[in-house]
Amino acid sequence: ETGVTQSPTHLIKTRGQQVTLRCSSQSGHNTVSWYQQALGQGPQFIFQYYREEENGRGNFPPRFSGLQFPNYSSELNVNALELDDSALYLCASSIQDRPGQPQHFGDGTRLSIL
Amino acid sequence: SQKIEQNSEALNIQEGKTATLTCNYTNYSPAYLQWYRQDPGRGPVFLLLIRENEKEKRKERLKVTFDTTLKQSLFHITASQPADSATYLCALFSGGYQKVTFGTGTKLQVIP
């Protein structure tokens, strides 16, 4: 069973640029969630996708957007990057056949904004 | 406003002892609570789920309690080992699938 994989592992961008992060869900999982984790903090929920539609969103501005593809892989796009966007971005997949199902996380993409 | 608090400082315990980690929440009515382990440079790994109508859950050396009156969950690791050293996160679920809130985590260090 293949776990959740994210790419790239590290990325350096400058303010104002745009970035796309990618996630490949665990086999058989139909839901993907994205989180932002600042150093020393817990993951903050960005949004969730279920069957290719956004299913819920945290307190993040519209410049954070996403996609889920038919094979359940996913992208996180961030436009007009700001210094505060520097963080670890985590993707988690799950099976949403009932609420509260365990989430399976990738090891994240470390994004640094200069 | 909604708030989740975990022990803000690192917890150091001797090998073989029981580690107890706390997750307190306010202005929240979670239907489910989960505990995760996170090692440096890695994503969180799911450990246990407990539902609002359950008082206690166990898995091997792990035990979780959930008190909706006190608005608190306790996470216990018995017979702790140095390999248990990691950051432990609690996560609260409410409002169906999409509303997930993580605590800031507690760093546990088990000393040989």
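The values are calculated or read from the model by the stated rules, or taken from the named source; none is laboratory data. What you see is a predicted model, and the numbers here were worked out from it, not measured in a lab. Every residue, glycine as well, gets a Cβ built from its backbone with ideal geometry; the counts of neighbours run over all protein chains shown. The area values use the complete protein model at the heavy-atom level, side chains included, leaving out ligands, DNA and RNA. Shrake-Rupley method; radii C 1.70, N 1.55, O 1.52, S 1.80 Å.
Between A:His10 and B:Gln109, the modelled labels are 2.5 nm apart [label points 7 Å from Cα along Cα→Cβ].
Interface residues of region B:65-112, defined as those losing at least 20 Å² of solvent-accessible heavy-atom surface relative to the isolated chain (probe radius 1.4 Å), are listed as B:Phe93, B:Tyr97, B:Gln98, B:Val100, B:Phe102, B:Thr104. Shown for the protein assembly as shown: the carbon plus sulfur share of the solvent-accessible area, taken with all protein chains present and a 1.4 angstrom probe, equals 47%.
Counting only lysines at least 8 places from B:Lys71 when in the same chain, those with an alpha carbon closer than 19 Å to its own are B:Lys3, B:Lys55, B:Lys57, B:Lys63, B:Lys99.
Let me check something: with ligands and nucleic acids excluded, how do B:Glu54, A:Glu53 order by accessible area (1.4 Å probe), largest to smallest?
Working: B:Glu54 50, A:Glu53 130 Å².
From most exposed to least exposed: A:Glu53, B:Glu54.
List the chymotrypsin sites (Phe, Trp or Tyr not before Pro) within region B:10-112 that fall in a DSSP loop (any state other than H, G, I, E or B) and whose Cβ has at most 12 other Cβ atoms within 10 Å. All intermediate terms of the calculation are to be shown ahead of the outcome.
Numbers: sites: B:Tyr25, B:Tyr28, B:Tyr32, B:Trp35, B:Tyr36, B:Phe46, B:Phe66, B:Phe75, B:Tyr88, B:Phe93, B:Tyr97, B:Phe102; in loops: B:Tyr28, B:Tyr97.
Nothing satisfies the criteria.
Summed over both chains, the area buried between A and B is near 1800 Å², taken from the accessible surface of protein heavy atoms with a 1.4 Å probe.
Under a 5 Å amide H cut-off, with hydrogens placed 1.01 Å from N, A:Phe47 pairs with A:Trp34, A:Gly58 among residues at least 5 apart or on other chains.
Reported to the nearest whole Å, the Cα centre-to-centre distance from region A:51-86 to region B:3-23 is 33.
Restrict the search to region A:1-86; then list the trypsin sites (Lys or Arg not before Pro) that DSSP places in a loop and that have at most 12 other Cβ atoms within 10 Å of their Cβ. Can you show the working numbers first?
Numbers: sites: A:Lys13, A:Arg15, A:Arg22, A:Arg51, A:Arg57, A:Arg63; in loops: A:Arg15, A:Arg51, A:Arg63.
Sites meeting the loop and neighbour criteria: A:Arg15, A:Arg51.
Per residue, the accessible area of chain A comes to 48 Å² when a 1.4 Å probe rolls over the protein heavy atoms.
Residues of region A:99-113 with accessible area at least 50 Å² lower in the all-protein-chain context than alone (1.4 Å probe)? Flagged in region A:99-113: A:Pro99, A:Gly100, A:Pro102, A:Gln103, A:Phe105, A:Asp107.
Of all aspartates and glutamates in the structure, those lying under 18 Å Cα to Cα from B:Lys59, and not within fewer than 8 positions of it along the same chain, are B:Asp84. For B:Thr106, the solvent-accessible surface with a 1.4 Å probe is about 0 Å², rounded to the nearest 10.
Region B:42-61: which residues show an accessible-area loss of 10 Å² or more, assembly versus chain alone, 1.4 Å probe? For region B:42-61, once contacts with the other chains are taken into account, B:Arg42, B:Gly43, B:Pro44, B:Phe46, B:Leu49, B:Arg51 lose 10 Å² or more. Remark: accessible surface ordering of A:Asp107, A:Asp97 (largest first) is A:Asp97, A:Asp107, probe radius 1.4 Å. Taking amide hydrogens as placed 1.01 Å from N in the peptide plane, the amide H of B:Glu15 sits under 5 Å from those of B:Ile111, each at least 5 positions away in sequence or on another chain. Solvent-accessible area per residue in chain B equals 51 Å², computed with a 1.4 angstrom probe and all protein chains kept.
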